[in-house]
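So the structure is just underneath, and the comments pick up after that.
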Amino acid sequence: MTLNAWAGARNWTPTDAAHLLRRAGFGADAQEIRDAHQAGLAATIERLLSDAPETSEFVETEAILQKLAFASENINDLKSWWLFRMRRSANPLVEKMTLLWHNHFATSNAKVRSVRNMSAQNDLFRKYALGDFHELLHGVAHDTAMLVWLDVNDNRKRAANENFAREIMELFSLGVGNYTEHDIKEAARAFTGWHVHEGKFWFDSRQHDPSNKTIFGNTGAFDGAAVVKLCLDHPACPRFVAFKLLRTFVCDRPTKEQIELVAETLRGEKFNVGRTLRQLFASELFFGPLSRAAIIKSPIDFVIGSMKSLDATPKTGEMTRVLALLGQDLFEPPTVKGWDGGRLWISAASLLHRTQYSVGLITGEHYGELPKLSTISAELGNDSERALAKLAETHLATPLGAEARKAFTNHWKKSEGDERCRGALHLILTSPEYQLG
Amino acid sequence: MYTFLSLLALVAAPPSNGDASLAARFPAGAIAYAEVVSLKPLADQVPVADWKKVVEGTKQYKDFRNSPQYQQFLAGKQILAAVLGYDFETLVQRMLSVKTAVAVYPREGQPIPGFLVVVRYPDRELWSKLRTQVEAWTALAAAGKTERETIAGRQVVGLDKKFYYFTEADLFVASNDKKILETASPIIAGKAGAKLSEESSFKSGVAGTKGNIARFYLDSEKARAFAKRDRWAPAKVDNFLGSLLLQDILELGSTSKTLVGGIDVEGKTLKLVVSIPGNPNRLGETYKGFLLDPKLAGSTPAPRVKGYLGGIVVHRDVRELYHQREKLIIESVQPEFDKFESGINNLVPGKNFVEDLLPMLGKQLTILAARQDFNDRPGKPAIRLPAFALVAELSQPKEGSDFLQMLFQAIVPIMNFQLKENGGQPQLLAMDKHNGVDMTFARPLMQTAGDKLPIVHNFQFCSATVGERYILATSRSLCESLIDAYRVPSLPKSAGRNVVFDWNPTEIAESLYENIDLLVANGVKDGKPAAQAKEEATFFIEALKTISGAELATQVRPEDFQIRLEWTWK
C-alpha cells in the first residue's frame, strides 16, 4: 500500500502551487506562487525539502532577536524571534514542522520558566524537523525543558512519577488505546533517575530502579532509552505520527485508510519525515479534491499567511499579542496536549479577533508595513473578474461565495487606488473562505 | 493663508535702535505676552555643523536627497533667491535678529481670545522686499476676500473679516480683532495710551528677564477669569510620588497672580527660567513639608560617581508630607497608604512605619544611576543596565539604619522566592567592609561566567550607612563609590534648590552603544528592517553625544519660586 502519485502533476497550475506553498509553509505572495508554478511540482518539492541558504540580513536579524530574548529572559521576545523566522526564513517547511513538533511535544514556558531552555527545545525540533523521528523522540526525552515540564525530578526509585512515561506513550508516540496502565507504571520505573541538575539532563543512578520491567509484553532491565525504543518499535507509532502529519498537511479529519497509507510510507522511509513528506506532497492524497480547503487555518497560518501573501513587514511584537488573543500563544500551549485545533480554532470571539486583525493589517496601522496598495490595485487592472481571480489565486484556497463575489465586483467597479485594493482585501480576508487553508 | 502671511512677515527683522522689548508697542490688559528679541546669540553658539553631520548621515536624509520633495525644496530656494535677491542661507542669517512679539487679550462675549502680533524688521531692505511679497500674496491668494480701510490713520487690510494687518517701514502688525488693532495703533505710533510695558505686574515680573533672547508673561489672574476657573490644577493629586515631586509647583502655579519666563544663552548653555513671583512660603501649613521657607530650602547635589548617568535629588520633609496626605492627595488613594503601611509593618514585626521609621528619616532623598563595568563579577549580562541607588538622609542614623537594614534583610528571601519561580539563582546575603564602612550585599549562589548572561545578573543589591546617609544600591561597586563620596564630613549645599534632576548624555550615549543590538532588536520587533533600526539607533546616540549636560531644578527664593532648565551642548 503506497501513496499514489498525483495524476494532475502534468497540468500543474498556479492554484496548485499556492496550495502546496500554503500547506508546506505559511503561504506565499503572488511572485513566489508564479516562481513555483514556473519551476514545476517536483522542483518546488525539492526546494521545500532542501536546506536553502538564508540571507545575511536574515541571519543577522535572527541572531539579534534571539540575543534580546536571552538577555531579557522575556518569553515574548522569543516569540518575536520565532515569528520572524516563520515570516522570513528561506526554509518555511522547516518552520512549519518545528511548529508541528512544538504542538506535538507541547511544553509551556508557564512552568519551564526559562527562555534558554524553551529556545533549545525549539532548536531541537528544528534540527529534526525533516529528519528521523527516532532521533527526535530520543532527543525530546533528554530535553531539559521537557524534563522540567513533566516533573522528572519527582521520579524516584521508591516513588515513581508517571507523568513522563504516560506522555511519552499517550501524546508523543502511540496515542490512547495502544498501551495499558501497567505499561505506564513499568515505564515510569524505567525513567527513574532521569533528572535535571544545573539546567541539564542528569542520570542519577542512585534514584534509578534497575530491576526488570515488563512493557508491551517484553521483559528486561529497561532504562528510559529502552522504553523510548520500545515505543518507536510499537506498530501504533507510525500511525500516530502519520495522523499528526495528515492533520497538518492534508485535512482536519483524516480517515483510517489515509492514516494507514502515510504510516506505511513512514515505516518504509524508516521514520524519516522529510522523505515521507516528499512522497506525500507529490501524492493524489495531497492534491486531491478532498484535501483542498480541508483545513481550518490555525492562528499562526492565518497571521503569518496573511503577512506572507501581502508581503507585509510585520511588527512581531504586536503579532505575539494577536496570536495570544486568537488562541495560539507560542511557547505557552494550554495543556500537555497542545492546541486541539481544527474546528476549535473558530469561535465567535476568535472570529471577531480575526476580523479585527485583518482590518488592522490592511490599514497598515497596527501589525506592520504593507506594500503600496495602489500599485497592487493598478497591477490588477480594472476588470473585476480578472482582479478577483488573481487575488483568489494568492489568498484563497476555495472560491468566494456568490454573494461575496457580487460584493467584490461592485466594490471594484466603484472604487480606485488604495481604497479599491483595501476594500477588496478586507472582503477576502474577512470571508469564511479565507479561514480555510 | 493667514499663517502663511504671518510666517512670511516673520521671515525677516533684526532689532533697530536699541529698543530691546516690543512690549511698549502693546496696549495694557493682555492675558499673556511672549516675545523673541533675537535668535542670533543662540544661532552663534549652536553647533550647527555637528548637527548637520549627524543628520546628513541618516538614511532618512539620504532618502530625502533622492526624493522629488528635495527637488521641490531646491526649486523653492531658487525662487526665493530670485524674488528676494538673497540665497536661502543669507536669508536665514538676516532673519535671526527679527524681533517678534505676540500678546493675547480677552474679548468680551467671545470664547476665543484676541491676539496681536508685532514683528519688527530692523533690516529695512529685507522688509521692503518681503512687504511687497506680502501684498502681492494678499492680492493673489485672497482676491475678493480682502477689504481695505483706514484705522487710526493707517491702511489696514482685512482678510475674510477674520484677520487684519498693516505694515510700516519696519513693522508688520496683525490681529484677529479689528478693535485690538484700533487700540494698538496709536500706541504703536508712539502716542499716549495705556501700555503693557507700564503695567506694574508686568514691569516687576519681566524685570528679571532683561537681556534674555526670549521671554513670556502670563497674567494668571486674568487668564483664570477669562477661562472661568478658580485655579489651574486640582488642589489634590492622585499619587504620592507626583505629590512629592510636583505638588508645590502645581499649587504655586495654580494660584499665583502672574507667571514669567525667560530664555537666555550663556556660552554653550541654553537657560530657561520660569518664575512664580512672591514668597513661596505663602502656601502655609499644609505645604510645610515642601520646605518652601527660603531659610530651610537647599539640598546636597548627587555625587558625580564614576559612570554617572543622572540623578534626582528631592529635599522634602517626608514625615510632614505623609501626615498631610489627606489634604494633599485625593480620598480614593488613601486606602493604598494603609496597605503600604501594613505591608511594611508585616515585614518588620514589632515596628511601625509611621511611629518608628518616618521620624528617623531626614530631609533629603537622592536617586541616581551609573554605568556598570561588571569588573567585580566573572560574567556580564547581555543587556547591560545601569546600577541604581537610593540614598536616604537619616535624622536618627543608628536607629534608621537598623530599621532599613532589617527591611533589606527581609526583602532578600522574598526576592529569592520570586527568583526561584522564574528559574533564577538564589541570592546569598553577605557582609564586607569598604574603607571601614560595613556593607551588606546579596550575591548569586553561583558566580556565572560569560558575556551574555540573563538580565538578572545586572543586580547585586548592596546596602550601607555612611554618617547620616543610608545607601541602597543595585550594584556593589556603586555602593562603594557612594560610600567614598559621602565619607567627606560635610558636603556643600546648594541654597534654595529643593528638587534637582540632572543627566549626563555622554555616559548615557555610551550605555546605549553597549546595548545597541537590543535597541535594533526592538526596532525589528516594531516592523523595521535591521539596517534601518540600527541607523535610527545610531542617529539618536550620535545626537545625544552633541549634548554635554542638562539640569532641571527648582529654586526657592524670598522673592519668587523658580523652575530652571539648563541645557549645555559641546
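None of the figures in this text is laboratory data; all of them are computed from the coordinates on show. What you see is a predicted model, and the numbers here were worked out from it, not measured in a lab. No Cβ is skipped: glycine too gets one built from the backbone with ideal geometry, and neighbour counts run over all protein chains shown.
Over all other residues within a Cβ to Cβ distance under 11 Å of A:Asp383, the charged ones net out to +2, with Lys and Arg as +1 and Asp and Glu as -1. In order along segment B:517-525, the Karplus-derived 3J(HN,Hα) couplings, from 6.51 cos²θ - 1.76 cosθ + 1.60 at θ = phi - 60°, round to 4, 6, 5, 5, 4, 5, x, 5, 4 Hz, and Gly and Pro are given as x. The fewest-to-most ranking of A:Glu167, B:Glu536, A:Glu369 by surrounding Cβ atoms within 10 Å reads A:Glu369, B:Glu536, A:Glu167.
By the Cβ distance rule (another cysteine Cβ under 4.7 Å), the unpaired cysteines of the protein assembly as shown are A:Cys231, A:Cys237, A:Cys251, A:Cys421. Label separation (A:Arg158 vs B:Thr269): 7.5 nm, computed from points 7 Å beyond Cα along the C-beta direction. What angle do you read, to the nearest 10 degrees and between 0 and 90, between the alpha-carbon axis of helix A:348-362 and the longest principal axis of chain A? Roughly 50 degrees, rounded to the nearest 10.
Summarising the amide proton neighbourhood of B:Val98: residues at separation of 5 or more, or on other chains, whose placed amide H is nearer than 5 Å comprise B:Ala13, B:Leu39. Selection among A:Leu65, B:Ala142, B:Gly307 by position relative to the dipole of the protein assembly as shown gives B:Ala142 as farthest towards the positive end (Cβ unit charges, Cα centre). Any idea how far apart B:Asn375 and B:Ile151 come out in nm if each label point goes 7 Å out from Cα toward Cβ? So the two model labels end up 7.1 nm from each other. Could you state the number of Å between the C-alpha centres of segment B:301-326 and segment A:202-234? Segment A:202-234 and segment B:301-326 have Cα centres spaced 65 Å from each other. Here the protein assembly as shown is treated with +1 on each Lys and Arg Cβ and -1 on each Asp and Glu Cβ, and its dipole about the Cα centre works out to around 1220 debye. For a straight C-alpha distance cut-off of 19 angstrom, the lysines reachable from A:Lys67 (same-chain residues fewer than eight places away being disregarded) are A:Lys79, A:Lys315, B:Lys380, B:Lys452, B:Lys525, B:Lys528, B:Lys534. For B:Glu559, no residue 5 or more places off, or on another chain, has a built amide H under 5 Å of its own. For the protein assembly as shown, rounded, prolate or oblate, judged on the Cα gyration tensor with a ≥ b ≥ c (square roots of eigenvalues), a/c < 1.5 rounded, else prolate if a/b > b/c? Oblate shape, in that a/c is at least 1.5 and b/c is the bigger or equal ratio.
If you take the Cα centroid of segment B:248-279 and the Cα centroid of segment A:348-387, the two points sit 51 Å apart. Taking chain B as the reference, fit the longest principal axis to its C-alpha atoms, fit the long axis of helix B:476-486 to the helix C-alpha atoms, and give the angle between the two in degrees, 0 to 90, nearest 10. Value to nearest ten degrees: 70.
Between A:Arg253 and A:Thr15, the distance separating the two model label sites (each 7 Å from Cα on the Cα→Cβ line) works out to 2.4 nm. Against the main long axis of the alpha-carbon atoms of chain B, helix B:240-255 sits at an angle near 30°. Under 5 Å between amide hydrogens, built in the peptide plane, is the criterion, and for B:Lys452 it picks out B:Lys380 among residues at least 5 positions away or on other chains. Check the straight Cα-Cα distances from B:Lys210 and name the lysines below 22 Å, setting aside those fewer than 8 residues away within the same chain. Correct list for B:Lys210: B:Lys40, B:Lys99, B:Lys195, B:Lys257, B:Lys268, B:Lys271.
The phi-based Karplus calculation (6.51 cos²θ - 1.76 cosθ + 1.60; θ = phi - 60°) puts the 3J(HN,Hα) values of segment B:332-339 at 5, 8, 4, x, 5, 5, 4, 4 Hz, whole numbers, x for Gly and Pro. Taking the Cβ of A:His134 as the center, what net charge do the other residues with Cβ under 14 Å away carry, scoring Lys and Arg +1 and Asp and Glu -1? With Lys, Arg at +1 and Asp, Glu at -1, the neighbours total +1. For B:Ala28 and B:Phe540, the FRET efficiency from 1/(1 + (r/R0)^6), where r spans their Cβ atoms and R0 equals 45 Å, is about 0.45.
What is the sum of charges, Lys and Arg at +1 and Asp and Glu at -1, for the other residues whose Cβ falls under 15 Å from the Cβ of B:Ala495? Here the count lands on +3.
With contributions of -39500 (n - 2.57) from each DSSP H run of at least four residues, the per-residue ellipticity at 222 nm computed over the protein assembly as shown stands at -14000 deg cm²/dmol. Here the relative contact order of segment A:232-271, from alpha carbon pairs under 8 Å that lie six or more residues apart, stands at 47 percent.
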